[in-house]
Amino acid sequence: MTDLSEGVRLPTSEEEARFWALVESAWERLGDEPAAHRRALLTREPGVDDEGAYAIGAWLDRFLDNLRELSAGLSGRELTDLDRVLERKLHDIDRADVHEVTDGSDDGFLYCRGFIVALGRDFYEAVSVDPTMAVPDADCEAMCYFFGRLHRERFGDWPVTGSGISRESCTNPAGWRE
């Protein structure tokens, strides 16, 4: 963890690497078909509403099951660290330009950002650079609180990330400048 003078904790590069490695491992366990769908999302023309892009949605529950299995032996601190990374990733794409593509109410936009994160680092970074790469109305609510919920299930309380930010929609001031 990185401690700042204000007491805010940012994810370390090691925590981020672990987070993305877990996400990739969970997808890899599913084989070639979802890998092809994920590649298709990355290689399609930005802004194109391709019905095939929604095919990945059929794999999300199995992806989340794999992520749960991969996280089964993690400590409370490790789950908190992963939740901090997730929270930061959701916060960083809490932006008006991303919302313009994905649409949705406050909760709906959060769930759309959960989908973006769930698809992995490559898709996340593509959308971060070019929001037209996002898939309108695609969502993954379970991803938004995944590690926090695991922490609560295993340890009885919600993790305190110490990040000083929120994953909720419209809370990133840099993303909602007028």
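The values are calculated or read from the model by the stated rules, or taken from the named source; none is laboratory data. Quick caveat, the model's predicted, so the values are computed rather than measured. Neighbour counts run over all protein chains shown; Cβ positions are idealised from the backbone, glycine included.
Just checking, does region 84-107 include any residue being in contact (Cβ under 8 Å) with a residue 40 or more places away in the chain, over 28 Å from THR171 (Cβ atoms) and surrounded by fewer than 19 Cβ atoms within 10 Å (Cβ to Cβ)? Among the residues of region 84-107, not one is in contact (Cβ under 8 Å) with a residue 40 or more places away in the chain, over 28 Å from THR171 (Cβ atoms) and surrounded by fewer than 19 Cβ atoms within 10 Å (Cβ to Cβ), which makes the answer no. Suppose the filter is under 30 Å from VAL160 (Cβ atoms) and modelled with pLDDT of 90 or more; does GLU28 pass it? Judged against the criteria, GLU28 is not a match.
Among the residues of region 109-143, what is the count of those that are out of contact with any Cys (no Cβ under 9 Å at 6 or more places or on another chain) and closer than 17 Å to ASP65 by Cβ? Counting residues in region 109-143 that are out of contact with any Cys (no Cβ under 9 Å at 6 or more places or on another chain) and closer than 17 Å to ASP65 by Cβ gives 4.
Residue count for region 144-164 under the criterion of being out of contact with any Leu (no Cβ under 9 Å at 6 or more places or on another chain) and more than 18 Å from SER71 (Cβ to Cβ): the result is 2. Here is a check on your reading of the model: is LEU60 in contact with a Cys (Cβ under 7 Å, 6 or more places away or on another chain), modelled with pLDDT of 95 or more and closer than 25 Å to THR171 by Cβ? Answer is yes for this residue. Counting only residues that are assigned to a loop (DSSP other than H, G, I, E, B), modelled with pLDDT under 95 and either closer than 30 Å to ARG44 by Cα or β-branched (Val, Ile, Thr) (or both), region 141-177 holds 11 of them.
Results for (1) within 12 Å of the chain's Cα centre (by Cα); (2) closer than 28 Å to ASP32 by Cβ, shown as yes or no for each residue.
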{"site": "GLY57", "(1), (2)": "no, yes"}
{"site": "ARG77", "(1), (2)": "no, no"}
{"site": "GLU87", "(1), (2)": "yes, no"}
{"site": "ASP94", "(1), (2)": "yes, no"}
{"site": "VAL98", "(1), (2)": "no, no"}
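Could you check region 108-140 and list, in sequence order, the residues that are surrounded by 15 or more Cβ atoms within 10 Å (Cβ to Cβ), modelled with pLDDT of 95 or more, aliphatic (A, V, I, L, M) and more than 16 Å from PRO34 (Cα to Cα)? Selection gives LEU110, ALA126, VAL127.
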